[in-house]
Structures are given as C-alpha cells and as structure tokens.
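Okay, so here's the structure we're looking at.
The values are calculated or read from the model by the stated rules, or taken from the named source; none is laboratory data. Small disclaimer: the values here were computed from a predicted structure and weren't measured. Virtual Cβ from ideal backbone geometry, glycine too; neighbours counted across all protein chains shown.
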Amino acid sequence: MSSRIEQLIDEIEEYIDNCKYQPLSNTKIIVNKEEIDELLRELRMKTPDEIKRYQKIISNKEAILNDARAKAEALINEATIHTNELINEHEIMQQAYAQANEVVTMATHQAQEILDNATIEANNMRMAAMQYTDSILANAESLMNQTMKTTKEHYESYMNAMNQYSDIVNANRVELNPPEADEYTGEFTGELPDTEEVEAGLNIDML
C-alpha cells in the first residue's frame, strides 16, 4: 500500500501532465496556482508524519534486541539451573560437569546467534526505512525545483512582454508629439508630453 506522499507525488505529476501548453510552446505549460499550491501544501504537511512513521520502525531495533537479550538470558539461566542440578548428583559428578559445560556452550552459541540475527534484521530495517524516506524527499525536492523553474520562466516571459509594451508606448508618444526644430539654430526643442496628457489625448480620439 502506497503512502499518502507517494499518492500526492502521483497527483502532482498527473496534474502537470494534464496542464495545457502555452500558445506557440511545446515545453511551457499553464498552471493553476491555487491547485498546485494546495497539493504542495498537503505534501509539506504529510512529510513529517511519514518521517515519524519510519523513525518508529527504526526504533523497533531496540525492541528486537531487547527480545533477543531476554531469550538469550533465559537460555543461559535454564542451562545454569540444569548444571546445578547435575552437579548436585555426586555419583555422576564428572558427567555432570561435562554436560553442564556442553549445555552452557550451546546456550551461549544460540544466544549469540539470536543477537547477531536480530542486529542484522534491525540494521536492514533501518537502512530500508532511511532509503525510502530519502527517495520520497528527493522526489519532493525535484518537484519543488521544477515548480520554481517554471515560475521563474513565467516571470521572465512576463517582464519581456512588459518591456516590449513599454517600447511601443514610448514610440507612439514620439509619433504623437514629434520634436520641432528651432528656425534659427535648427535644433529640436520639443518635449515629450506627460503620460497623463497623452492618455487624455488618446481618450478624446477614441471618443
């Protein structure tokens, strides 16, 4: 079962795939800011919960090790009790020592094996959780970088268009009010009118 973060990433990718391209462009798309912001907001809210969940998995390492220690101690205690019972039998003293040592050795080996297996399992769980969390964060980082890149491109396109409009307006103002040459010096002495005067003139012409 996939996590909510994976679902959100899929939704964002699907949303981007379904966005319309800008006119005369095969790479730039039109994004609804409110919709993409809502998806990103939920992604930011869910990320800490997912990280806590994997931290909880990592913390189970101690529980696994504690359980292994308890089993090992139980085996050693059982072996010790059995050893004491054998030692108390005077008629089989030598056999009791041999069996006791064998039981303790086997119990020690089993306990060490349990501890080793538990440590390996806990470390594997920890590494898997860390890799999975890092993969989710990497996807989120890539998506944010792509969103910032798209926003920057839109802003630069908007500023270029505004600069072009400004040049056109300035050229129109020059055409409406060409500078006049002084009859004695031949120098142009005319001045461009204020923006309010030009707009007033344009409004009168339009009427």
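If you go through the range 107-125 one residue at a time, do you hit one that is farther than 29 Å from Asn32 by Cα and in contact with a Phe, Trp or Tyr (Cβ under 8 Å, 6 or more places away or on another chain)?
no
Looking at (1) modelled with pLDDT under 85; (2) of a type outside the set (A, V, I, L, M, F, W, C); (3) within 24 Å of Pro23 (Cα to Cα), which is the only condition Asp134 fails?
(3)
Residue by residue through the range 1-25, note down the ones that are modelled with pLDDT under 80 and more than 22 Å from the chain's Cα centre (by Cα).
The answer is Ser25, and nothing else.
Do you know which residues across the range 14-48 are free of Cβ contacts under 8 Å to residues at least 24 places away in the same chain, part of a helix (DSSP H, G or I) and of a type in the set (D, E, K, R)?
Within the range 14-48, Glu14, Asp17, Lys33, Glu34, Glu35, Asp37, Glu38, Arg41, Arg44 meet the criteria.
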